[in-house]
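Notes follow once the structure below has been shown.
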Amino acid sequence: MYLLRLVIIIFLISGIAFSGNSIICGTVIHKENLEPLEYVKVKILKTAKWDETDAEGYYEIKNVPPGMYD
């Protein structure tokens with residue numbers, strides 16, 4: 001009985017830990033010269049989630065719930 005409870009608890013904890021949010025990341029570049037664009041705001045439409053690119057054009061939006069976004 002103890003082993004069964006332990007397995008159920010581990011299963012529930014792992015489900016909670018891995019059902020969480022994701023990260024969307026990437027690099028914004030100029031379409032003509034392919035140079036990275038710095039300090040550009042990248043936003044997920046219809047949400048409050050956004051980030052600004054760094055000096056190398058990299059951005060990372062954390063805690064994004066699973067789904068499809070524009």
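The values are calculated or read from the model by the stated rules, or taken from the named source; none is laboratory data. What you are looking at is a predicted structure, and each value in this text was computed from that prediction instead of being measured. Don't worry about glycine lacking a Cβ; one is built from the backbone with ideal geometry, like all the others, and counts go over all protein chains shown. The protein model used for the area step is the full one, side chains on, heavy atoms only, and it has no ligands, DNA or RNA in it. Shrake-Rupley method; radii C 1.70, N 1.55, O 1.52, S 1.80 Å.
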**Request:** Look through Val64, Val42, Val28 and report the one residue that is free of Cβ contacts under 8 Å to residues at least 24 places away in the same chain and touching a strand residue (DSSP E or B) at 6+ places or on another chain (Cβ under 9 Å).
**Result:** Val42
**Request:** Please state which of the following conditions Pro66 fails to meet, knowing it meets all the rest: (1) out of contact with any Ser or Thr (no Cβ under 7 Å at 6 or more places or on another chain); (2) in a loop (DSSP other than H, G, I, E, B); (3) modelled with pLDDT under 90.
**Result:** (1)
**Request:** Could you check, for the range 46-55, whether at least one of its residues is at pLDDT below 90, exposed (fewer than 12 other Cβ atoms within 10 Å of the Cβ) and not β-branched (Val, Ile, Thr)?
**Result:** yes
**Message:** So, in the range 11-42, exactly how many residues are open to solvent by 100 Å² or more (accessible area, probe 1.4 Å), modelled with pLDDT of 65 or more and more than 23 Å from the chain's Cα centre (by Cα)?
**Reply:** 4
